[in-house]
1. Give the stretch 119-146 a look and list any residue that's closer than 22 Å to Ser166 by Cα and more than 20 Å from the chain's Cα centre (by Cα), or say none.
2. For the stretch 109-216, please list each of the strands (runs of 3 or more DSSP E) lying entirely inside it that holds at least 1 residues being open to solvent by 30 Å² or more (accessible area, probe 1.4 Å) and more than 28 Å from Phe98 (Cα to Cα).
3. Say we look at the stretch 217-233 and pick out the residues that are open to solvent by less than 70 Å² (accessible area, probe 1.4 Å) and not in a loop (DSSP other than H, G, I, E, B); which of these is farthest from Thr40 (Cα to Cα)?
4. Give the residues of the stretch 155-164 that are under 13 Å from the mean Cα position of the chain (by Cα) and under 14 Å from His124 (Cβ atoms), sorted by residue number.
5. Mind checking whether some residue in the stretch 175-187 is without any contact (Cβ under 8 Å) to a residue 40 or more places away in the chain and small (Gly, Ala, Ser)?
6. Within the stretch 46-66, how many residues turn out to be open to solvent by 50 Å² or more (accessible area, probe 1.4 Å) and among the hydrophobic types (A, V, I, L, M, F, W, C)?
7. I'd like to know if the stretch 186-208 contains one or more residues that are among the charged types (D, E, K, R), modelled with pLDDT of 90 or more and touching a Pro at 6+ places or on another chain (Cβ under 9 Å).
8. Just a yes or no: is a residue in the stretch 67-78 outside any loop (DSSP other than H, G, I, E, B), open to solvent by 70 Å² or more (accessible area, probe 1.4 Å) and either hydroxyl-bearing (Ser, Thr, Tyr) or at pLDDT 95 or above (or both)?
Amino acid sequence: MPWLPLAGAPPPGGFTRHCRRGPFPAMERAFTPLEPLLPTGNLKYCLVILNQPLDKYFRHLWNKALLRACADGGANRLYDITEEDRESFLPEFINGDFDSIRPDVKEYYAVKGCELISTPDQDHTDFTKCLEVLQKKIEERGLQVDVIVTLGGLAGRFDQIMASVSTLFQATRITPLPIIILQEESLIYLLHPGKHRLHVNTGMEGDWCGLIPVGQPCHQVTTTGLKWNLIAELYHFLC
């Protein structure tokens, strides 16, 4: 599986470690992006399902998740893919403006006791609003979470793909947890300023990765372990 880290701007309030709240000085962050897909993976994660086709590893991720949520039409995808055993795949909550979820799907999950949370704000995507609700649930339940895994958001309309990227930036104001987005052959993850050590030895990685500067120029970018490394480079979109 190829993966695509995104280099970006720092979150408000400085740097944060992925395992707890609060500012910390710049430090190396070690992370295995594909660990949630490993049968022996130890990362504790919550799962968010967006309104795009679910991949073959959906059931594995579902079974190990501490908390599961659907963003609006993501409930349709969950409902359709679990036709033979729907009662084993009930999300803790479904949120959104409910312009995408089908009436029969909404009714089914309501009858089964899933929490339906209306978030009609049109200034943010259902994905962003789902993260806001999810973070509150994590705090209310006192869950120890390492990462939020999101399925979908990287296929279909280009504007929706860019909205997923934008949500990774907005999420730094919502949760201290790292977020990975998975779909088909891609994984994206936002790299905050600082030093990162990404472990890519799970056997599931593909042959390539990309570093994309988003939001503002990235200064002094240095890499090791790539076929063609950067050394103290200024990395930015050309204009």
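1. So in the stretch 119-146, the residues closer than 22 Å to Ser166 by Cα come out as 119-136, 146.
Once the filter is applied, which keeps residues that are closer than 22 Å to Ser166 by Cα and more than 20 Å from the chain's Cα centre (by Cα), the stretch 119-146 yields Pro120, Asp121, Gln122.
2. Numbers: elements: 115-118, 147-151, 179-183, 186-191, 195-198.
Ranges flagged: 195-198.
3. Cys218
4. Going through the stretch 155-164, the residues under 13 Å from the mean Cα position of the chain (by Cα) turn out to be 161, 163-164.
The answer is Ala163, Ser164.
5. First, pick out the residues of the stretch 175-187 that are without any contact (Cβ under 8 Å) to a residue 40 or more places away in the chain: 181.
Next, from what is left, pick out any that are small (Gly, Ala, Ser): none.
Taking every residue of the stretch 175-187 in turn, none turns out to be without any contact (Cβ under 8 Å) to a residue 40 or more places away in the chain and small (Gly, Ala, Ser).
6. Of the residues in the stretch 46-66, 1 are open to solvent by 50 Å² or more (accessible area, probe 1.4 Å) and among the hydrophobic types (A, V, I, L, M, F, W, C).
7. First, pick out the residues of the stretch 186-208 that are among the charged types (D, E, K, R): 195, 197, 205, 207.
Subsequent filtering for residues that are modelled with pLDDT of 90 or more retains none.
Within the stretch 186-208, not a single residue is among the charged types (D, E, K, R), modelled with pLDDT of 90 or more and touching a Pro at 6+ places or on another chain (Cβ under 9 Å).
8. Taking the stretch 67-78 as the starting set, the residues that turn out to be outside any loop (DSSP other than H, G, I, E, B) are 68-71, 74-78.
The next check asks that each one be open to solvent by 70 Å² or more (accessible area, probe 1.4 Å); those that pass are 77.
Still in the running and either hydroxyl-bearing (Ser, Thr, Tyr) or at pLDDT 95 or above (or both): 77.
So far as the stretch 67-78 goes, yes, one or more of its residues are outside any loop (DSSP other than H, G, I, E, B), open to solvent by 70 Å² or more (accessible area, probe 1.4 Å) and either hydroxyl-bearing (Ser, Thr, Tyr) or at pLDDT 95 or above (or both).
The values are calculated or read from the model by the stated rules, or taken from the named source; none is laboratory data. Fair warning: this is a prediction, and the values are worked out from it, not measured in the lab. A quick note on method: Cβ atoms are made from the backbone with ideal geometry, for glycine too, and the neighbour counts reach across all protein chains shown. Heavy atoms of the whole protein, side chains included, go into the accessibility calculation; ligands, DNA and RNA do not. Shrake-Rupley method; radii C 1.70, N 1.55, O 1.52, S 1.80 Å.
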